[in-house]
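The values are calculated or read from the model by the stated rules, or taken from the named source; none is laboratory data. On a predicted model such as this, the values are computed, not experimentally measured, just so you know. No Cβ is skipped: glycine too gets one built from the backbone with ideal geometry, and neighbour counts run over all protein chains shown.
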Amino acid sequence: AQSVTQLGSHVSVSEGALVLLRCNYSSSVPPYLFWYVQYPNQGLQLLLKYTTGATLVKGINGFEAEFKKSETSFHLTKPSAHMSDAAEYFCAVIFSGGYQKVTFGTGTKLQVIP
Amino acid sequence: DTGVSQDPRHKITKRGQNVTFRCDPISEHNRLYWYRQTLGQGPEFLTYFQNEAQLEKSRLLSDRFSAERPKGSFSTLEIQRTEQGDSAMYLCASSHPGLAGGNTGELFFGEGSRLTVL
């Protein structure tokens, strides 16, 4: 069955430390992959996306993600966490077939400790 | 502000009552989506419109739920005979198709309508 999994519902990092949020998908055909961010009391917004081409994708606010087909992963990273990065992050996919709805993971809440 | 707007932002109702949410998408977007989000979960797909046509409905959407987009602009989501399990944040998003008509995956979300059923 096709699915998207985020490991860790809560992640805490110190300000200035590396941020690593994990996302894996289950599909025989590589899907389109996305990361969305939801800041407190705001709507979700697209952080970055991978459809085709270069497997390392850069997004807003210094975030990037790498599509690894062999590992069926699309982990989100940022070299140095900032207090303003505290938010909930959702991995999302579009699986092939159907009307291509966006399917979201369960989310990872990032806490940045000063 | 030309983003996606949802109304009302908060709704408290008693079990058994009907509620209706409205979504106004970004004007040039022909695709509109409804999602539901509960605490600790990611958004769950409910239904999707392209212009006025409802193209897909999730099995999550029971017969008590109905969505419309009569003129291909704003949309309404109605829940009849609400139950406590309907308490959630209802999210609306809009998008425009990619060059080949496919889904670019870039959804523009409103801030949501929070429903509390007592």
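Before moving on, here are some points about what is shown:
- Condition check for A:ILE60: over 20 Å from B:GLY42 (Cα atoms) and either touching a residue at least 40 places away in the same chain (Cβ under 8 Å) or exposed (fewer than 14 other Cβ atoms within 10 Å of the Cβ) (or both): yes
- Residue in segment A:31-44 that is touching a strand residue (DSSP E or B) at 6+ places or on another chain (Cβ under 6 Å), surrounded by fewer than 19 Cβ atoms within 10 Å (Cβ to Cβ) and not aromatic (Phe, Trp, Tyr) present: no
- Against the numbered list (1) part of a strand (DSSP E or B); (2) more than 10 Å from chain A (Cβ to nearest Cβ); (3) without any contact (Cβ under 8 Å) to a residue 40 or more places away in the chain; (4) in contact with a Lys or Arg (Cβ under 8 Å, 6 or more places away or on another chain), B:THR47 comes up short only at (2).
- Residue that is modelled with the lowest pLDDT [pool: residues in segment A:77-99 that are within 30 Å of B:GLN50 (Cβ to Cβ) and buried (at least 20 other Cβ atoms within 10 Å of the Cβ)]: A:PHE95
- Criterion: out of contact with any Asp or Glu (no Cβ under 8 Å at 6 or more places or on another chain), over 22 Å from A:PRO31 (Cβ atoms) and more than 11 Å from chain A (Cβ to nearest Cβ) - qualifying residue of B:THR76, B:THR20, B:THR82: B:THR82
- Qualifying position, being basic (Lys, Arg), closer than 30 Å to A:SER9 by Cβ, out of contact with any Cys (no Cβ under 8 Å at 6 or more places or on another chain) and surrounded by 16 or more Cβ atoms within 10 Å (Cβ to Cβ), among B:LYS57, B:LYS11: B:LYS11
- Every listed requirement among (1) more than 25 Å from A:ILE94 (Cβ to Cβ); (2) within 14 Å of chain A (Cβ to nearest Cβ) is met by B:GLN54 save one, (1).
- Restricting attention to segment B:86-108, the residues that are outside any loop (DSSP other than H, G, I, E, B), modelled with pLDDT of 95 or more and more than 11 Å from every other protein chain (Cβ to nearest Cβ) add up to 3.
- Elements of type strands (runs of 3 or more DSSP E) in segment A:5-114, at least 2 residues being more than 14 Å from chain B (Cβ to nearest Cβ) and more than 13 Å from the chain's Cα centre (by Cα): A:10-14, A:108-113
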